[in-house]
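K.L.:
Structure below; questions to follow.
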Amino acid sequence: MKASVLIAFMAITNLHAADVLVENSANITLSLKNVTIEQVLDRVELDTDYTFLFTDRTVDVDRRVDVEIDTKNILDVLKVLFDGTNVQYSIVDKHVILSTKAKTSTNTNANTAPISNQVNRITGVIVDSHGEPILGANILEKGTINGTITD
């Protein structure tokens, strides 16, 4: 009984410590004038544990912006940078994946059915030569810029 109480206490303490660590590392302050998106992303990577994954076709890295952000989280920074653009973002652990928003098709012709985007979910485990799972492996769909990172 004492052992299970001790284990539960240790688990709660570890969870609380992890929450504090995430909150402390998530605050970003930027004051940049007339800089490129690439320079902003580089600065965020230097100041935080986040890394950005994208292709040159996905993000206009030469677009110039003014950024004034005072103690915000990564989602607020991404919203400032990419709101009103065709860039969407997702966060997996400390990796920020930037991709192009899917184009939605609206069909106004009554004689044809609307076009739907088909989504296929693929699951699996990436392992090394010893059979151990690999964390953070990049996976790309061949011939596209669709991809993900293993967790």
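The values are calculated or read from the model by the stated rules, or taken from the named source; none is laboratory data. Everything numeric in this text was worked out from a predicted model, so none of it was measured. Every residue, glycine as well, gets a Cβ built from its backbone with ideal geometry; the counts of neighbours run over all protein chains shown. Ligands, DNA and RNA are stripped out before the accessible areas are found, and what is left, the full protein with its side chains, is counted by its heavy atoms. Shrake-Rupley method; radii C 1.70, N 1.55, O 1.52, S 1.80 Å.
K.L.:
Which of the aspartates and glutamates could a cross-linker bridge to LYS72, judged by Cα under 12 Å and excluding same-chain residues fewer than eight apart?
P.N.:
Filter leaves GLU23.
K.L.:
Let me ask something additional. Roughly speaking, what is the stretch gain from GLU45 to THR71, that is 0.36 nm per residue apart minus the C-alpha to C-alpha distance, in nm to one decimal?
P.N.:
Here the answer is 7.8 nm.
K.L.:
I've got another one for you. Quick check for you: which residues of the range 41-71 have the amide N under 12 Å from the point 7 Å beyond the Cα of ASN86 toward its beta carbon?
P.N.:
Counting only backbone N, you get 57-60.
K.L.:
Tell me the accessible surface of ASP93 in square angstrom (1.4 angstrom probe, heavy atoms of protein chains only), to the nearest ten.
P.N.:
In the full protein context, ASP93 sits at about 110 Å².
K.L.:
Ok, one more. Taking the simple approach of a point 7 Å from Cα along Cα-to-Cβ for both VAL35 and THR144, what is their distance in nm?
P.N.:
The two pseudo-label positions are separated by 3.4 nm.
K.L.:
Right, here's the next one. Rank these by accessible area, largest first, 1.4 Å probe: THR48, THR123, THR144, THR29.
P.N.:
Details: THR48 20, THR123 110, THR144 55, THR29 75 Å².
Result of the area sort, largest leading: THR123, THR29, THR144, THR48.
K.L.:
At a Cα cut-off below 16 Å, give the aspartates and glutamates reachable from LYS33, other chains included and same-chain residues fewer than 8 away excluded.
P.N.:
ASP42, ASP62, ASP66, GLU68, ASP70
K.L.:
Once the whole set of protein chains is in place, how much accessible area is left on VAL80, using a 1.4 Å probe, in Å² to the nearest 10?
P.N.:
For VAL80, the solvent-accessible surface is approximately 80 Å².
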